[in-house]
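Visitor: Before I ask anything, here is the structure I am working with.
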Amino acid sequence: MEAQDSFHAYVSGRLAALSRLAFLLCGDRHTAEDLVQVTLIRVAARRERVIAGGDPDPYVRRAMVNQHVSLWRRRWRLPGDVWRRGRRRRYQGRIAGAGTALLCLVGVAVLPGLGGGAQPAEGATAVIPASIERPYPWQATVDASPPGRASVLFGGDSLGLGSDPFETEGGKLAVVGRGGDYRTLRYPTGKQRAGLDVRLSPDGHLVAQSELHDGPAGWLVVTDLRTGRSRGYGNGPAACCYEVAAWRPDSGAVLVQHRVGEHSQLTLVDLASGTELPIDGAAPRDVDRFAWAAAFAPDGASFVAAFPTGGGTELRAFDANGQRRWSHDLGSRRLAGAGAYTADGSAIAVLTMTGCADDCDPAQLAGRRWTVSYLDAATGAERGGPAVTAAVVLIRRRVMRRRRAAAWA
């Protein structure tokens, strides 16, 4: 275990220098990335011996040069599944932030407190892996090697999710394919949060975000995980003015909040036609409650959205054409996330929180309690609903010791 920790610390501190050496050897960025990956995979298999010998840098640099010469002599090309092979040798550290949990509420409802750590694909056919591993820092990107249909999208500030070794700024999110392949999405800034700023479509084929490294113009960018191609929507600059609120269940449209100063305009974007449908007028923007902004009915024929008011939150229901059907004053309650509708679409779950709301320490966060109540989906009236089963699945986490760089936050 100590050798593994030491090797992770070495890679964290020397990755940029090794990447530069690989670029000098290859003269091409993509080939250099492949060379770094193959070299570190081979060295990782001997990490105990390498670490025991003292400074691993001379050994790794020599291994990289030898690997480059070997590849050049044999005119060898990396196989298409090199990243899958690398995943099989991945270190067994599991990823999760402190206190991260997956909570099951009324089938698919999303409880607050999950933050932007991980977002699984929705729907009855969703496949959620038993564990999530951190990607390699040099992991292949979606555009270079599409993973196909995905099961999970996650982020963090650990090794493998920080800036690219060839760049000075930026961030990444990891995509886990249904076949277990890990890929990354690269962003100009490190502020993107999985499940909030960036959302995976219910069918697992698409990712919606406000910006993408070297992506197309537009304030909404949708990436197809099957082809690696991205399409831009809207005429505004990227990142400045938009947040993803919810996907329509058929993955054919996405509901976004378009920021206009201190207000936001809810807009439904049809992906096939590019049509933008404004929903009601602009409303005050509430950053704290954005995670519970909207939810679609299971059949996609209607949706609800939360609008901040002076005294709390008003929940409004709309049909597929954006016409308001009813509104209900929630007070201090909140919509239970993008999966707030019950499976049959007859009721909508809302949450009441008791406990610390701002600047909470770990003990106060653990002391929070959530109570579920329901509204009638057709009328907005208070009604009963399914009993909530307290099913909580914790993701195991392993915290790497801090050295020259933080492996985990």
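The numbers here are math on the coordinates, done by the rules we state, and not lab data. Keep in mind the model is a prediction, meaning the values are calculated, not measured. When we count neighbours, we look across all protein chains shown, and the Cβ atoms used for this are built from the backbone with ideal geometry, even at glycine.
Visitor: Kindly rank 311-317, 335-341 from highest to lowest mean number of other beta carbons found within 10 Å of each residue.
Guide: 335-341, 311-317
Visitor: If packing is taken as the average number of other Cβ atoms within 10 Å across a peptide's residues, how do 301-310, 171-180, 318-327 rank, most packed first?
Guide: On the way: 301-310: 19.1, 171-180: 21.8, 318-327: 13.8.
Result, highest mean first: 171-180, 301-310, 318-327.
Visitor: At what distance in nm do the modelled label points of Ser332 and Thr371 sit from each other, each positioned 7 Å from its Cα along Cα→Cβ?
Guide: 1.0
Visitor: Quick one: grab Rg to one decimal and Dmax as a whole number for segment 2-78, Cα atoms only, in Å.
Guide: That works out to 12.3, 37 Å for Rg and Dmax.
Visitor: For Thr309, enumerate residues with amide H under 5 Å from its amide H, sequence gap 5+ or separate chain, H modeled in the peptide plane.
Guide: Glu314
Visitor: Just to verify a number: FRET efficiency for Ala378 and Tyr59, C-beta to C-beta distance, R0 = 60 Å, to 0.05?
Guide: 0.30
Visitor: Need the full-extension length gain, Asn235 to Asp214, defined as separation in residues times 0.36 nm minus the C-alpha distance. One decimal, nm.
Guide: Extra length from Asn235 to Asp214 when fully extended: 5.9 nm.
Visitor: First measure r as the distance between the Cβ atoms of Ala130 and Cys356, then evaluate 1/(1 + (r/R0)^6) with R0 = 22 Å and state the FRET efficiency to the nearest 0.05.
Guide: Numbers: r = 32 Å, r/R0 = 1.45.
Efficiency at R0 = 22 Å is approximately 0.10.
Visitor: At 0.36 nm per residue, minus the direct Cα-Cα distance, what do Asp157 and Lys191 gain on full extension? Give it in nm, one decimal, please.
Guide: Details: separation 34, 0.36 × 34 = 12.24 nm, distance 1.02 nm.
Full-extension gain reported as 11.2 nm.
Visitor: With r defined as the distance between the Cβ atoms of Arg324 and Ser70 and R0 fixed at 45 Å, what FRET efficiency is calculated, to the nearest 0.05?
Guide: Numbers: r = 67 Å, r/R0 = 1.48.
Between Arg324 and Ser70 the formula returns 0.10.
Visitor: How much length, in nm to one decimal, is gained on full extension between Ala363 and Val260, taken as 0.36 nm per residue of separation minus their Cα-Cα distance?
Guide: 33.4 nm
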